[in-house]
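The values are calculated or read from the model by the stated rules, or taken from the named source; none is laboratory data. Note that the structure is a prediction, hence the values are computed from the model and not measured. Heads up, the Cβs are rebuilt from the backbone with ideal geometry, glycines too, and the neighbour counts pull from every protein chain shown.
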Amino acid sequence: MRAGHAAAVVLPLKRGDNAMAHGRLTGVSWREWSSEPTSMVSPAGSKTAARMMTAHAGLGPASSLRIGEVSLSVLGRARMYVCGITPYETTHVGHAATFVWADVAARVLRLAGAAVEVCRNVTDIDDHLLTQAKRDGVAWRSLATQETYRFERDMAQLGVVRPAYEPRSRDYVDEVIALAAQLLATGAAYERNGSVYFRGGEIASRARLDRERAIELARVNGGHPDDPNKDDPLDAALWQRSVGDEPAWPSPWGLGRPGWHAECTAMSLATFGPSVDLHVGGEDLAFPHHVYEAAQAEAYTGVRPFARAWMHVGSVLVEGDKMAKSAGNLVYVNEVLDRYPPGALRLLILSRHWSASWEFDEAGLEHAASELESLWRYGAASGDRDLAEHEVASALLDDLDVPRALAVAKEAGGQVLRDLVALLGLS
């Protein structure tokens, strides 16, 4: 805590009696494994809520969702890729913000009449995961399994609809090898000393960054611009030679493992083909991760753009600092849900524009819990359902303007508010 600042959040750790200063105990306790599992939310419930609102909203057959500056018209099927977790230190409120917003985007796309298919990956081959597993003295596969279990439990408790596809990096090693081999064949990559690098010399201009800034961002996000094997500091590993006791798989270039960006490129292409309608992730993934993911996919398929629309969700802050393990300010979802209803945390997350960064504190949780109760009180009133439903749906389709939709529905009260609460997963 910084001098002169009061504690913003006071939430006790629940993961073990001996919480460590550098993190929580890794192992899933027998109480966690043996506790009654939370039922996963199925897409059917989200579809029902969307149908209830659509029936009274008077939406035309060509409804579209605006995301940022993109009007996302979808005919029939919508393909949505969500950059998921690296399974360590799960699940904190920063994670939750991204996945709750992704969940709401999928629900609103259903409101627009789309049959939404969501793919949310698990990046279970990763430097951070390997480092923590080694520090804690556990097998990396074991750590990934335990943390993925916690994540899925937390998402279920938060009412996040289970994705249609949940690929894991370790199951897509062959696809990464195929990706790297094709990019080598077309000259978009090169091999050196057992690693394969994607040529990233044009990445900075693609991201509208000056070269020095792009290199610095790559450095702090695991891009290793000082790797002596690279032709250019902004080249990125598609396949990296394994060292020491790192996990390793055979490849045409020797034992190694997938590069970070290549994992998402391969999982997305294998699941949805050459493009997606909406790609969602935290704002911290915009560069370098998403820029490389898209560039690699387009170089492989020749199809542009890889994603029709991008949704980079704003960061969660604690006393001005981004919530992160390195900052020592993580607040876990299960700690919050020990004290507040899931709808309160969802409402807190949704109480602003999706791209805005925001400060997490106890006062905000208290306000969200109080506001959630007031929504139910106003829901008991009567109102002009059809007119209000149209205004509410229009707000949601206009860049996911949840605050405006809630204000309209709350003023109308009655069934329109109950329908919106259901659609947003607040009930």
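Remarks
- Residue within region 263-270 that is among the polar types (S, T, N, Q), crowded, with 18+ Cβ neighbours inside 10 Å and not in a loop (DSSP other than H, G, I, E, B) present: yes
- Scanning region 313-328 for residues that are modelled with pLDDT of 95 or more and within 19 Å of Arg150 (Cα to Cα) gives a single hit, Met323.
- Test for Gly222: is it surrounded by fewer than 24 Cβ atoms within 10 Å (Cβ to Cβ), over 17 Å from Glu175 (Cα atoms) and assigned by TED's automatic domain parsing to the domain that holds Glu298: no
- Scanning region 162-191 for residues that are in a helix (DSSP H, G or I), among the hydrophobic types (A, V, I, L, M, F, W, C) and within 22 Å of the chain's Cα centre (by Cα) gives Val173, Val176.
- Meets criteria (of a type in the set (Gly, Ala, Ser) and over 16 Å from the mean Cα position of the chain (by Cα)) for Ala324: no
- Matching residues in region 319-369 - criterion: being among the charged types (D, E, K, R), surrounded by fewer than 16 Cβ atoms within 10 Å (Cβ to Cβ) and assigned to a loop (DSSP other than H, G, I, E, B): Asp338, Arg339, Arg352
- If the condition is being out of contact with any strand residue (DSSP E or B) (no Cβ under 8 Å at 6 or more places or on another chain) and surrounded by 16 or more Cβ atoms within 10 Å (Cβ to Cβ), then region 228-259 contributes Pro233, Leu234.
- Residue count, region 272-302 (criterion: more than 20 Å from Ala356 (Cα to Cα) and in a helix (DSSP H, G or I)): 12
- Selection count, region 303-318, where residues are under 14 Å from Ser357 (Cα atoms) and not in a loop (DSSP other than H, G, I, E, B): 6
- Checked against the criterion of being β-branched (Val, Ile, Thr), under 29 Å from Asp338 (Cα atoms), touching a helix residue (DSSP H, G or I) at 6+ places or on another chain (Cβ under 9 Å) and crowded, with 18+ Cβ neighbours inside 10 Å, the candidates Val122, Val138 yield just one match: Val122.
- Residue count, region 215-238 (criterion: touching a residue at least 24 places away in the same chain (Cβ under 8 Å) and more than 24 Å from the chain's Cα centre (by Cα)): 6
- Scanning region 189-219 for residues that are crowded, with 17+ Cβ neighbours inside 10 Å and among the small types (Gly, Ala, Ser) turns up Ala189, Ser195, Gly200, Ala204, Ala207, Ala214, Ala218.
- Restricting region 402-425 to residues that are at pLDDT 95 or above and outside any helix (DSSP H, G or I), the residue that is surrounded by the fewest Cβ atoms within 10 Å (Cβ to Cβ) is Gly425.
- Meets criteria (crowded, with 21+ Cβ neighbours inside 10 Å and in a helix (DSSP H, G or I)) for Ala388: yes
- Residue within region 146-165 that is surrounded by fewer than 24 Cβ atoms within 10 Å (Cβ to Cβ), without any contact (Cβ under 8 Å) to a residue 40 or more places away in the chain, of a type outside the set (Val, Ile, Thr) and more than 30 Å from Arg241 (Cα to Cα) present: no
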